[in-house]
Every structure is written in structure tokens, then in C-alpha cells.
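The structure appears right after this line, and notes come after that.
Computed from the coordinates by the stated procedures, all read-outs in this text should not be read as laboratory data. The structure presented is a predicted model; accordingly, all values stated were derived computationally and were not measured. Here the Cβ is made from the backbone with ideal geometry for all residues, glycine too, and neighbour counts use every protein chain on show.
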Amino acid sequence: MKRTDEVFGMSNDILPDSYVDRGALDEELAKLLLISNDSQQGAN
């Protein structure tokens, strides 16, 4: 079992167990938020 600082600790290196490859999720989320906001604006 790993210690919490091996997963969540502060380091100058990327800790392999805490790394998340988000790929293009930030762009997809921004698109969805924009679409959601636009549809709410039209409902008023």
C-alpha cells in the first residue's frame, strides 16, 4: 500500500499515481458550458 504523500504529496516531478491525462476534456467542457449558457439565454 502506498503512503498518501506518494500519491498526493508536493513534488517537482509528476507523481505517476496522481497524474490524470485529461486529453481534450477542457475544450469539450468549455463547448458544453457555452452551449448550455446559450440555451439558457434563449429561454428568457
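Before moving on, here are some points about what is shown:
- Potential extension, Glu6-Leu32 segment - 0.36 nm per residue separation minus Cα distance: 5.9 nm
- Given (1) 21, 19, 16, 17, 13, 13, 1; (2) 28, 60, 12; (3) 22, 26, 22, 18, 12, 1, the label whose value is P(r) over Cα pairs in 10 Å bins from 0, in percent derived from this model: (3)
- Net charge contributed by nearby residues that have their C-beta within less than 15 Å of Leu15 (K/R +1, D/E -1): -3
- Cα-based helix-to-principal-axis angle, 25-42 vs the chain, degrees rounded to 10: 30 degrees
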